1. Can you pull out the helices (runs of 4 or more DSSP H) entirely within the range B:125-235 that have at least 3 residues that are farther than 23 Å from B:S318 by Cα and either away from chain A (no Cβ under 14 Å) or touching a Lys or Arg at 6+ places or on another chain (Cβ under 6 Å) (or both)?
2. In the range B:322-336, how many residues are within 29 Å of A:V100 (Cα to Cα), of a type outside the set (V, I, T) and either surrounded by 21 or more Cβ atoms within 10 Å (Cβ to Cβ) or more than 9 Å from every other protein chain (Cβ to nearest Cβ) (or both)?
3. If we keep just the residues of the range B:307-321 that are over 21 Å from the mean Cα position of the chain (by Cα) and touching a residue at least 40 places away in the same chain (Cβ under 8 Å), which is nearest to B:W251 (Cα to Cα)?
4. Under the condition of being assigned to a loop (DSSP other than H, G, I, E, B) and over 19 Å from the mean Cα position of the chain (by Cα), which residue from the range B:108-124 is nearest to the other protein chains (Cβ to nearest Cβ)?
5. Please enumerate the residues belonging to the range B:82-107 that are modelled with pLDDT of 90 or more and either assigned to a helix (DSSP H, G or I) or among the acidic types (D, E) (or both).
6. In the range A:51-107, which residues are within 31 Å of the chain's Cα centre (by Cα) and among the β-branched types (V, I, T)?
7. Looking for whichever is over 28 Å from A:A345 (Cα atoms) and surrounded by 12 or more Cβ atoms within 10 Å (Cβ to Cβ) here; the options are A:I246, A:I264, A:I325. Which one fits?
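The values are calculated or read from the model by the stated rules, or taken from the named source; none is laboratory data. Computed from a predicted structure; not experimentally measured. A quick note on method: Cβ atoms are made from the backbone with ideal geometry, for glycine too, and the neighbour counts reach across all protein chains shown.
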Amino acid sequence: MAATTGGRLLKAAVTRAQGGARRRAFLLVLPLLAFVFFSFVLPIGQMLHRSIHNPAFAANMPQISAWFRDNPVGTVPGEAAYAALVADITAAAKARTIGVVGTRVNYELSGTRSLFTSAGRRAARLEPPYAESLPALDAEWASPQLWSAMRNVSTAYTADFYLAAVDMTRATDGSIVSVPADRKIYVEIFQRTLLLSLLITVVCLLLGFPVAHLLASLPMRYSNLLMIFVLLPFWTSLLVRTTAWIAILQGQGVINSTLVALGIISDSERLSLVYNQTGTIVAMTHILLPFMVLPLYSVMRTINPAYVRAARSLGASSWTAFRRIYLPQTLPGIGAGSLLVFILAVGYYITPALVGGASGQLISNLIAFHMQNSLNWSLAAALAAILLGVVLLLYWLYDRLVGIDNMKLG
Amino acid sequence: MRKLLIMSTALCALALPASAQEITVMSFGGAYGASQMEAYHKPYMAMTGIKINSVDADNPATPLKAQVEAGNVTIDVADLEPSDLVRLCDEGALEVLPLDELPLSPDGKTWEEDFVEGGIYECGVGTIVYSTIIAYNGEKTKGVDAIEDFFDLEAFPGKRGLRKSAKLTMELALMADGVEPADLYDVLGTPEGIDRALAKLDTIKPEIVWWEAGAQPPQLLADGEVTMTTAYNGRIFNAMIEETQPFEILWDNQILDFNLYVIPKGAPNRDAAWEFIKFATDTQRLADQAGFISYGPTRKSSMALVGLFKDGKTQMASHLPTAPEHMEGSLVTSVEFWADHDIEISERFNAWLAAN
């Protein structure tokens, strides 16, 4: 066995030295790791936790929740159940949590919010037998749909928001069924988001490849100057760029007015270029193009032009030399640019919101709707979690097929 | 030298608490926010010396809810729509206000007698009555006199602007289909009613341009992008008078709603916030704000004090939603109905919107 001058085993000495280097490296990264953890992982984790955890009913109505736990699906509620319910409603009304409870049940069964709030106002004056006095306030209290909805929301941890996020719901007997056809939205919007993002990635690639090639082929001082034009959009506000597209694309905008003035189209046949999918695609391609050009440019800069020249001298046509020699060398850059553009496009919110109209809406707009308008944060979290899952899945697929190590940013 | 440094730092620390008190007021921005600045904020700052930090949001209910849940509230006063107010009040996110401390009207009426129906709640004091109306360019489009014309693409060709929400859009569709305002929410509460409203909207769906922010409809009209659009009446009025756009308002079947001031639970300057609200909602202030934007005051006593617009020429009274000649056929948004049915109807509406 090899030994160092100090008599210790060489292997042990090397491991100790490497351990020290690794510890030092870890300590250097620790501040950044802590920052990412507290500002990114923890808040997003808490938000995703909301998607499975909604204690609005379970925490504020303990007695009836316990009754649901103790009695299986299908048990007809008797006096004990009604007594527990009335006791909980009275307590919740006093603690001013009856509104939260009603809202939670309202997600399952429409119209029940006012049922709870009005019962809350009168529950304290109810007399036993509650199985008769509560339905006397409103017949809805005896309906099996209401009891089924309450059973669903009585557990704090629930998968119901994920079910809703894929257009499913629970029937009265507890089985999972599809939502009626006129309420289906999310699956279609997910598909639309992925397809549009793919389309935008392809268009960005087709437009960005020649630009990157030009920049990479020119002498440094010219390409640096032209690079400024690629980077200039980054210095302009995103909102300004998007509203500029509205001014260009709209019915009375620059493009349509020019075409009418040139006589190519008539005044009544103006093209509908904005407030639809076309608007979304055009504006998002413009905004995401630099993200495709820059990785491509960095990779192309490192390609030795001698290879293409050698191929041409050996008799390859221009196209063959490009296809068999140049293109494969740019593949890491294409991979990096495409992944970047695709992931950005999938999560984009502002541009589809402004120029997308109704048909150009992406999933992020629906997530924003639930965050801001309906204030149903659990559903928004479930949709966001599914989006995150889909993107991670695609990333993993990309790694299997192409390999992340084959990706270069320059 | 060191002693000098320590002394000067200590003196700075003493000076900090002596800074002027300030409160943060969050509202919707745009022409409406500007009118509040002129009518409430500036007089209040001049009167008391308390600085008002004005913040804008598309819907103040969202940041308010987020702040209260996080336990880190920076807003003192927020401007809310009644449906959000009722929801947040029931959740305990808003302070219950001591309404008896509100000032009397000049003719001695208490708040219970002076505020219009729906203009005051235990968690919020109303400031304005606004309405959603149909606006069009008076020079390019002529002969619009009922909301059925909004759905008539042959007589009035061109695109239509509608707010991208079930609220305000579904009611318009039903009223244009012939439902009386008094029966409207009964009809809208049934699945057949929702189908009927969506079927009516289907007749113009390809021509609809959807707006979300209040400033978009006047812009769409000015660009010529739409022939007719729903809009908040105050924004259209400001475009008509200040920017001399040739817009016209169709008051038929207007949909009335309120805006109210609330104090979030855990606001840092609760007492100062309440003082501001008492000032901003007294009779004179509510009449003043009508001089900057054409929204009606929530106090009945203010109508008599409403005078000229800030341009010094236009009489405001006939431009307010609460003017008697506009009230015929008007619909007051039902807060209770939307609190119950918003989720279900929005789901149907979003699904209809997403379908091609």
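1. Details: elements: B:169-176, B:184-188, B:191-202, B:216-223.
By residue number, B:169-176.
2. Just the residues of the range B:322-336 that are within 29 Å of A:V100 (Cα to Cα), to begin with: B:331-336.
Subset that is of a type outside the set (V, I, T): B:331, B:334, B:336.
From what is left, the residues that are either surrounded by 21 or more Cβ atoms within 10 Å (Cβ to Cβ) or more than 9 Å from every other protein chain (Cβ to nearest Cβ) (or both) are B:331, B:334.
Number of matching residues: 2.
3. B:T314
4. Here is the first cut: in the range B:108-124, the ones assigned to a loop (DSSP other than H, G, I, E, B) are B:108-110, B:116-119, B:122-123.
Still in the running and over 19 Å from the mean Cα position of the chain (by Cα): B:108-110.
Values: B:G108: 32, B:K109: 28, B:T110: 24 Å.
Per the stated criteria, the residue is B:T110.
5. Once the filter is applied, which keeps residues that are modelled with pLDDT of 90 or more and either assigned to a helix (DSSP H, G or I) or among the acidic types (D, E) (or both), the range B:82-107 yields B:P82, B:L85, B:E95, B:L99, B:D100, B:E101.
6. Once the filter is applied, which keeps residues that are within 31 Å of the chain's Cα centre (by Cα) and among the β-branched types (V, I, T), the range A:51-107 yields A:I52, A:V100, A:V101, A:T103, A:V105.
7. Values: A:I246 fails: over 28 Å from A:A345 (Cα atoms); A:I264 fails: surrounded by 12 or more Cβ atoms within 10 Å (Cβ to Cβ).
After ruling out the rest, the residue left standing is A:I325.
Condition check ((1) touching a helix residue (DSSP H, G or I) at 6+ places or on another chain (Cβ under 9 Å); (2) within 30 Å of B:V335 (Cα to Cα); (3) of a type in the set (D, E, K, R); (4) touching a residue at least 60 places away in the same chain (Cβ under 8 Å)) across all residues:
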{"site": "A:P43", "(1), (2), (3), (4)": "no, no, no, no"}
{"site": "A:A92", "(1), (2), (3), (4)": "yes, yes, no, no"}
{"site": "A:N106", "(1), (2), (3), (4)": "yes, yes, no, no"}
{"site": "A:R113", "(1), (2), (3), (4)": "yes, yes, yes, no"}
{"site": "A:F116", "(1), (2), (3), (4)": "yes, yes, no, no"}
{"site": "A:G120", "(1), (2), (3), (4)": "yes, yes, no, no"}
{"site": "A:A123", "(1), (2), (3), (4)": "yes, yes, no, no"}
